[in-house]
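> Encoded as structure tokens, here's the structure I'll be asking about.
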Amino acid sequence: MSTVSIIGSGGMAAAIASLAVKAGHTVELMARDTAKARTLADALGAGATTGTFAAIPAGDIVILAVPYTTVLDIVKHYGEKLSDKILIDITNPIKSDFSGFLTPDDSFGAQEIAKAAPADTEIVKAFNTLNAHVLAAGPVEGHPLDVFIAGDGVQAKARVSVFVESLGLRSMDAGPLSMARALEHACMLVLGLVTHAVKHTNFSIGVKLLD
């Protein structure tokens, strides 16, 4: 198993960290609110540590588990300390009233993160279509949750896929990083379903393979 660094201490950070610790990974939590990160690490137990915010992450895989509204500033703040890392972008650049996206019309969230990150980082979109409490609960009736991933680096995607599978989840490769735009729209689909059809957040979207 490996060391994975998570920037953030909210619901998604806690859900991914919990699964990772159970899978035998060492999780480094880094957040502006050091006390909150330490509290989460203490709750997770021996497999979790607290790193210094803006220091070089211990893990080769760094999960950006913060809102899109802050992620670009954080990536720029870390700067070259993210050099040669795999950055997993779980964000969704959606306006607070769900009326559209915060990104320029000709771009998307993962691409804006790639622009802000060092040139030698690999950006992989993942986890953005899952609700934190659904992810934390894990498989339902033996069926693993689907995690859609997108990225340009073949080896980076392969490493992220192995990490996802180690958590008891199913990795579904959606293609190059440009497909992250579609995954961000898929989150908008989830929000639309919550508002108009399902009326709650206790569900996930996934792929059913037909024989």
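Just so you know, all these numbers are worked out from the coordinates, no wet-lab data involved. As the structure is a prediction and not an experimental result, all values here were calculated from the model. Don't worry about glycine lacking a Cβ; one is built from the backbone with ideal geometry, like all the others, and counts go over all protein chains shown.
> Taking 0.36 nm per residue of separation and subtracting the Cα-Cα distance, what length does fully extending residue 77 through residue 96 add?
Between residue 77 and residue 96, full extension yields 4.4 nm more.
> Still on this structure: Given R₀ = 35 Å, FRET efficiency for residue 39-residue 162 by Cβ-Cβ distance, to 0.05?
0.75
> When the helix-only estimate is applied to the chain (DSSP H runs of n ≥ 4, each -39,500 (n - 2.57), divided by the residue count), what is the mean residue ellipticity at 222 nm, nearest 500 deg cm²/dmol?
Theoretical 222 nm ellipticity from helices: -11000 deg cm²/dmol.
> What number of lysine-lysine pairs in the range 3-196 show an alpha-carbon separation below 27 angstrom, given a sequence spacing of 8 or more or placement on distinct chains?
Total qualifying Lys-Lys pairs in the range 3-196 comes to 25.
> In debye, nearest 20: dipole of the chain around its Cα centre with unit charges on the Cβ of K, R (+) and D, E (-)?
400
> Farthest toward the dipole's positive end in the chain, which of 26, 133, 155, given Cβ charges of +1 (Lys, Arg) and -1 (Asp, Glu) about the Cα centre?
Ranked along the dipole, the leading option is 133.
> By DSSP, what percent of the beta bridges with both residues in the range 3-196 are antiparallel, rounded to the nearest 5?
15
> Expected output is a single nm value to one decimal: the length gained when fully extending between residue 70 and residue 195, i.e. 0.36 nm times separation in residues minus the C-alpha distance. What is it?
Contour length minus the Cα-Cα distance gives 42.5 nm.
> Sticking with this structure for a sec: So what is the relative contact order for the range 53-125, in percent, with contacts set as C-alpha pairs under 8 Å and at least six apart?
Across the range 53-125, relative contact order equals 36 percent.
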